Amino acid sequence: MKIINWAIVGVLILLPFYVINRADTATQRRMMITELRYDAALDTAVDDAARALLINVNEQQEARYESAKRVRVNKEEAIDTFYRTLYMNFGVAEDPIAQGVLNRYIPAVIVIGYDGFWVYAEEEFTNAAGETEMRPVWGPKKPYAYADAQGNSLSFTLDDYVIAYEAGSRTWQEGFRSEIQSSIPLLHNAELFEQVRRSRIVNAIQNELAYRINRHNQYASRNGISYTFTLPTISEEGWNNTVNDIGVMAFVQGIPMGRKTYNNYALGGSRVLKKPIILGAVKDGRKVYYRNTCAFPYPVEETFASEKAAAQKGYMPLSCSNHP
Amino acid sequence: MSHFVRTMIDMSFACLIFVMAAPAGLLLFQSGAAALDTAYVSGKAQDRNVMPTPITGDGSVSGAEVLQTIAQIGEIGMEVVVDGTRYAPSLEREDIAVSAIRLNGRYAPSYERGPDGQLKQIVFVSR
């Protein structure tokens with residue numbers, strides 16, 4: 001046998017392996033790119049929704065002075081924004097049928113508010129025509145509630161603010177933990193209070209989500225989706241971020257993707273941060289700027305949104321620590 | 001150069017190419033397969049549904065949750081019924097009959113909805 005024949009035999013043996021390997025690599029690559037695109041779509045949708053939570057049409061319901069986190073959330077605007085961004089990034093903004101298919105893979109969206117949370121999930125109800133309709137609807141507001149063995153009850157919030165019922169005196173009190181005069185033992189231990197508060201909020205959200213996702217399985221199977229939706233394992237860090245501020249959490253599960261299915265969840269927070277105001281003033285005939293938190297007595301000439309803007313107008317920085 | 005010598009040189013060159021190509025090809029194949037395995041394993045580890053959380057909510061709520069729902073009834077803005085007792089949205093917190101609610105018990109909630117799906121009433125029944 002000539003050497004060229006051996007070479008041909010060798011190539012014939014190896015070629016299938018190389019072809020399979022190459023096809024697998026290409027599939028894997030496509031899957032990873034698709035997964036990245038879906039991740040980005042979900043993250044963006046949740047971030048947009050979290051931002052929309054703060055859209056407020058009622059001036060009376062702006063953030064209150066007691067706490068920066070105490071904001072009336074606009075959950076309707078948030079959910080509209082979530083779906084709008086998601087449909088756009090999945091390329092189905094103009095296709096209601098594809099949107100319906102995509103909805104089947106979203107078992108629940110949760111809005112975490114200051115003193116309770118809401119779940120947006122599919123439910124059945126009787127519509128105006130008397131027919132049974134199934135579509136995502138809002139559940140009731142669920143408070144972060146707690147009761148101790150003595151019959152006292154607390155409703156937690158995302159910070160120290162509580163609504164407390166004291167069983168002994170049969171009275172209700174509301175305010176920050178340190179300000180409430182009560183015999184409820186939990187209110188006298190800041191560390192334990194924080195631990196219980198966090199675990200109660202996380203447990204309440206987990207239980208409700210697990211229930212809603214389980215129910216979604218029944219609805220999904222009627223729509224031809226043979227996929228078992230489950231509450232995914234979320235890291236402790238993830239849950240800690242959840243209970244730090246108002247936000248939106250969404251789950252997407254079971255989208256067929258190559259040989260596997262796409263599962264992910266995303267959390268978007270809408271932390272309210274107030275930017276400091278920069279004041280431009282005149283000190284001994286010299287133009288200076290400083291933050292409004294500095295208690296300088298100099299006559300204020302202008303206010304600016306940033307230090308850069310003040311400097312561009314010829315003001316010199318004046319640090320609080322420079323004040324005699 | 002004789003034909004024999006030319007053949008020898010050709011064969012040597014062919015052998016050299018083969019000896020270099022065979023391990024290189026094998027290495028390429030092995031590293032490709034290893035990369036695929038790694039990608040598959042990492043994808044599997046990130047597949048959150050492979051590791052579902054052990055929590056299985058049954059939809060019931062605690063008595064504390066029922067009480068605090070009634071305490072915030074003005075904000076919730078709808079009627080709440082607990083074991084047949086109706087609480088109107090205008091109810092003041094101080095007027096809640098707390099003794100009628102088992103704080104450490106469990107309640108099964110059900111929701112009455114309007115024709116467009118909005119919540120009309122929350123009903124809690126003892127379990």
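The values are calculated or read from the model by the stated rules, or taken from the named source; none is laboratory data. All of these numbers come straight from a predicted model, not from anything done at the bench. Neighbour counts run over all protein chains shown; Cβ positions are idealised from the backbone, glycine included. Note: areas computed on protein heavy atoms with side chains; ligands, DNA, RNA excluded. Shrake-Rupley method; radii C 1.70, N 1.55, O 1.52, S 1.80 Å.
Given contacts defined as C-alpha pairs under 8 Å and at least six residues apart, what's the relative contact order of chain A, whole-number percent? Working shown, then result.
Values: 465 pairs, mean separation 50.2, N = 324.
RCO, chain A: 15 percent.
Ranking request for peptides A:72-78, B:102-108, A:290-296, A:142-148: highest mean number of other beta-carbon atoms within 10 Å first, then the rest in descending order. Show your work: numbers first, answer last.
On the way: A:72-78: 20.0, B:102-108: 16.4, A:290-296: 14.6, A:142-148: 23.9.
Peptide ranking by packing, descending: A:142-148, A:72-78, B:102-108, A:290-296.
Gain in length, A:Met32 to A:Ser235, computed as 0.36 nm per residue apart minus the alpha-carbon separation, to one decimal in nm? Don't skip to the end; give the middle numbers.
Values: separation 203, 0.36 × 203 = 73.08 nm, distance 2.24 nm.
Taking 0.36 nm per residue and subtracting the Cα distance, the gain is 70.8 nm.
Would you work out which of B:Thr85, A:Gly247, A:Met88 lies farthest towards the positive end of the dipole of the protein assembly as shown, given +1 charges on the beta-carbon of Lys and Arg and -1 on that of Asp and Glu, about the Cα centre?
Going by the Cα projections, it comes out as A:Met88.
Which residue, chosen from A:Tyr298, A:Val282, A:Ala310, occupies the Cα position most advanced towards the positive end of the dipole of the range A:274-321, where the dipole is computed from +1 (Lys, Arg) and -1 (Asp, Glu) charges on Cβ about the Cα centre?
A:Ala310
Could you compute the net charge surrounding A:Ser319? Neighbours are other residues with a C-beta less than 12 Å from the C-beta of A:Ser319; K and R count +1, D and E count -1.
On the way: positive: A:Arg291; negative: A:Glu307.
Taking every other residue near A:Ser319 into account, the sum is 0.
Please state, rounded to one decimal and in Å, the Kirkwood hydrodynamic radius that the range A:201-258 gives when every pair of distinct Cα atoms enters the mean of 1/r.
Values: mean 1/r = 0.0775 Å⁻¹.
Every distinct Cα pair counted, the radius reaches 12.9 Å.
I'd like the per residue volume of the convex hull spanned by the Cα atoms of the range A:150-260, given in cubic angstrom.
Numbers: hull volume 15.1 nm³, N = 111.
Normalising the Cα hull of the range A:150-260 by residue number yields 136 Å³.
Accessible area per residue of the range B:81-127 at 1.4 Å probe, in Å²?
Numbers: 2680 Å² over 47 residues.
Dividing the accessible area of the range B:81-127 by its residue count gives 57 Å².
How many partner chain Cβ atoms sit within 10 Å of a residue's Cβ in peptide A:255-268, on average, as a whole number?
2
Three principal axis extents, largest first, for the C-alpha atoms of chain A, in Å?
101, 61, 46
Residue by residue through A:288-300, how many Cβ atoms from other chains fall within 10 Å of the Cβ on average? List each step's numbers first, then the result.
Working: counts 0, 0, 0, 0, 0, 0, 0, 0, 0, 0, 0, 0, 0.
The shielding value for this peptide is 0.
Can you figure out the FRET efficiency of A:Gln312 with A:Ile55, using R₀ = 25 Å and their beta-carbon distance, to the nearest 0.05?
Rounded to the nearest 0.05, the efficiency is 0.20.
Using only protein heavy atoms and a 1.4 angstrom probe, determine the accessible area buried between A and B, summed over both sides, in Å² to the nearest 100.
In total, chains A and B hide about 4100 Å² from solvent.
In chain A, which whole DSSP H runs stretch at least 24 Å along their own axis (Cα) and average 0.0 or higher on the Kyte-Doolittle scale? Before the final figure, lay out each step's value.
Numbers: long enough: A:3-52 (72 Å, 0.47); A:190-222 (49 Å, -0.91).
Qualifying helices, which must be both long enough and hydrophobic enough, are A:3-52.
Per DSSP H run of n ≥ 4, the term is -39500 (n - 2.57); total these for the protein assembly as shown, divide by its residue number, and report the mean residue ellipticity at 222 nm rounded to 500 deg cm²/dmol. Don't skip to the answer; put the middle values down first.
Working: 9 runs with 177 residues, N = 451.
Mean residue ellipticity at 222 nm (helix-derived): -13500 deg cm²/dmol.
Could you look at chain A and say what percent of its accessible area is carbon and sulfur, using a 1.4 Å probe and all protein chains?
52 percent
Aspartates and glutamates within cross-link reach of A:Lys142: Cα-Cα under 14 Å, excluding same-chain residues under 8 positions apart?
Result set, ordered by chain and number: A:Asp115, A:Glu208, B:Glu65, B:Glu75.
So with the 1.4 Å probe, I'd like the accessible area per residue for chain A, rounded to whole Å².
Numbers: 17220 Å² over 324 residues.
With the other protein chains kept in place, chain A gives 53 Å² per residue.
Heavy atoms only, probe 1.4 angstrom, no DNA, RNA or ligands counted: give me A:Ile97, A:Ile33 ranked by accessible area, highest first. Could the numbers behind the result be given before it?
Values: A:Ile97 135, A:Ile33 75 Å².
I get A:Ile97, A:Ile33, largest accessible area first.
Using only the alpha-carbon atoms of chain B, report the extent along each of the three principal axes, biggest first, to the nearest angstrom.
Principal extents (Cα only, largest first): 116, 34, 21 Å.
How many nm separate the modelled label positions at A:Ser319 and B:Val41, each set 7 Å beyond the Cα in the direction of the Cβ?
5.2 nm
So how strong a dipole does the protein assembly as shown carry about its Cα centre when Lys and Arg Cβ are +1 and Asp and Glu Cβ are -1, to the nearest 20 debye? Working shown, then result.
Working: 45 positive and 49 negative charges, 289 e Å.
So the magnitude is around 1380 debye.
Taking 2.2 N^0.38 Å as the expected size of a compact globular protein, what ratio does the Cα radius of gyration of the range A:195-324 give against it, to two decimals?
For the range A:195-324, the normalised Cα radius of gyration comes out at 1.87.
When only C-alpha pairs under 8 Å and at least 6 residues apart count, what is the relative contact order of the range A:129-247, in percent?
Details: 103 pairs, mean separation 19.8, N = 119.
So the answer I get is 17 percent.
Which residues of the range B:64-79 show a drop of at least 30 Å² in accessible area when all protein chains are present, compared with their chain alone (probe radius 1.4 Å, heavy atoms only, ligands and nucleic acids excluded)?
B:Ala64, B:Glu65, B:Gln68, B:Gln72, B:Glu75, B:Ile76
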